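Structure first, then comments.
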Amino acid sequence: MHRLHYGRSSDGTFLPSLLKKRKEKASTFPRDAAFVTAFAAARTTPRRHHRESSMPFVPALIGRGRMSPFETPAKGSFGTLRAPLDSQASKPQGSAYDDMDAGSPMTHEALQTLGAVATEERIGAAAARRMTEVIHAVGPDLAEVELLLAESSQTGASPGTSAAAHLLGAGGKRIRPVALLLASSMYTRSSRATHELAAVAELVHGATLLHDDVIDDAPERRGQAAARTVWGNAVSVLGGDLMLTHALSRCHAVGHQAIFAHLLQTLRTLVDGEIVQLRGRTALDLRAETYFHIANAKTASLFDWATTSGARIAGAPEEHALALGRFGVHLGLAFQLVDDVIDYAGTSEVTGKALFADLREGKVTLPLVYALERDPSVAAHVEAIRAGDELAALRLGPAIVATDGCDRVRTLAESHTKSALAELAALPQSPSRDLLAAVASDLVARLH
């Protein structure tokens, strides 16, 4: 593993010396400058929360007034790739792609960063080990996807690009790009088009997060200040819009009509789910069917697009692509259900804060829905929270756990996982298929 030494760049940010040297070569390799700016500056700057301050955390450079959040980034010569992408297209020469082979220091750094987000605290011990295995299995592909994400986050007007780079640089499990890459590799070797679509999956997901943070007034995202607290709500919204335009442009450039049409449908579904959830702010809807409508729209739909598109771009039979899409739906639902249950695994204080924020925003978890079915008195706690009583939230968590709500959701998550595995079992055996199955199984294993 290449050893890194930290130093300051010309604008004061911390950069590994390896990437600092690459930034100095920007005049020769213009694409490198964008990669270093987004990948190194955003990802490797230590993220510290200023607990002693009553203000939301702001990155140190901006907080000290050294640099304006509206500062125009260094210009690069790259642009969004719009030429049709042949499945056998080669890497562009004279760019950062040249150093992204499986054994290069830059690839090691990309994998190290990606591996760091697969922590036990985030996804559980078994899933963390499995994600590390997956990341190494598709490592070179993921490294190229990261390059495309960095390029997208630097193409456009500042500070919209800053908001995008801020989010993408904070990490994330990258489970949607991973699912797409594994689905594709079941049938053929990854191509440039595969990498583009994997980047599209993460760009769409990232855009929804930037928008969600504004809707929810969220102060943090991925362990650091949300973009809206650094640059404001308007910039966060426009940064999300920018990411969506890059996602649409990249997907269209791939030249696969069915994949592009499916993406448009998925975007409409995502918006529909957000609107239905937003209605809960004025009139809380505690019906199970409403919960599943939102979960399918906001979570499962993008997993569906990712796994279906991975198979389609690889030339898989359409029935196989649709089966992988159904796998993605079940995986997405299980993923959401597991998160719902884990919300109740912490202390009453931690759980109470999450419940208070969610219910005030009109968000409902399935354990709460099931608890109300078993114990109507739980509704009184919900109404108190909606009226602003934070202490009621501390009482609600234990009340939900006291019912069998969490157990029922756990059983349902396991059922969706079994359905996902059944879809895979009907497809040709391959190492990639086995890894997809293992990821699905290990994510649910967090509940045990």
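The values are calculated or read from the model by the stated rules, or taken from the named source; none is laboratory data. Note that the structure is a prediction, hence the values are computed from the model and not measured. Here Cβ is always computed from backbone atoms with ideal geometry, including for glycine, and neighbour counts include all displayed protein chains.
What to note about this one:
- Single residue of 132, 229, 161 found to be of a type in the set (S, T, N, Q) and under 23 Å from residue 335 (Cα atoms): 132
- Just one of (1) within 17 Å of the chain's Cα centre (by Cα); (2) without any contact (Cβ under 8 Å) to a residue 40 or more places away in the chain fails for residue 242. It is (2).
- The set of residues from the stretch 277-299 being closer than 18 Å to residue 212 by Cβ, of a type in the set (A, V, I, L, M) and buried (at least 17 other Cβ atoms within 10 Å of the Cβ) comprises 294, 295, 297.
- Qualifying residue in the stretch 421-430 (condition: of a type in the set (Ser, Thr, Tyr), surrounded by fewer than 19 Cβ atoms within 10 Å (Cβ to Cβ), over 23 Å from the mean Cα position of the chain (by Cα) and assigned to a helix (DSSP H, G or I)): no
- Residue check for residue 304: outside the structural domain of residue 186 (by TED's automatic domain parsing), of a type in the set (Asp, Glu) and modelled with pLDDT under 85: no
- Annotation: residue 352 fulfils all but one of (1) in contact with an Asp or Glu (Cβ under 9 Å, 6 or more places away or on another chain); (2) modelled with pLDDT of 85 or more; the unmet one is (2).
- Note on the stretch 166-182: residues that are within 9 Å of the chain's Cα centre (by Cα) and of a type in the set (A, V, I, L, M, F, W, C) total 2.
- Residue list for the stretch 402-420, filter: surrounded by fewer than 17 Cβ atoms within 10 Å (Cβ to Cβ) and of a type in the set (A, V, I, L, M, F, W, C): 402
- Evaluated against (1) surrounded by 21 or more Cβ atoms within 10 Å (Cβ to Cβ); (2) touching a Cys at 6+ places or on another chain (Cβ under 9 Å), residue 260 falls short on exactly one condition, (1).
- Single residue of 210, 203 found to be in contact with a His (Cβ under 8 Å, 6 or more places away or on another chain) and closer than 23 Å to residue 142 by Cα: 203
- Taking the criterion of being closer than 29 Å to residue 441 by Cβ, among the basic types (Lys, Arg) and assigned to a helix (DSSP H, G or I), the only residue of the stretch 152-200 that qualifies is 176.
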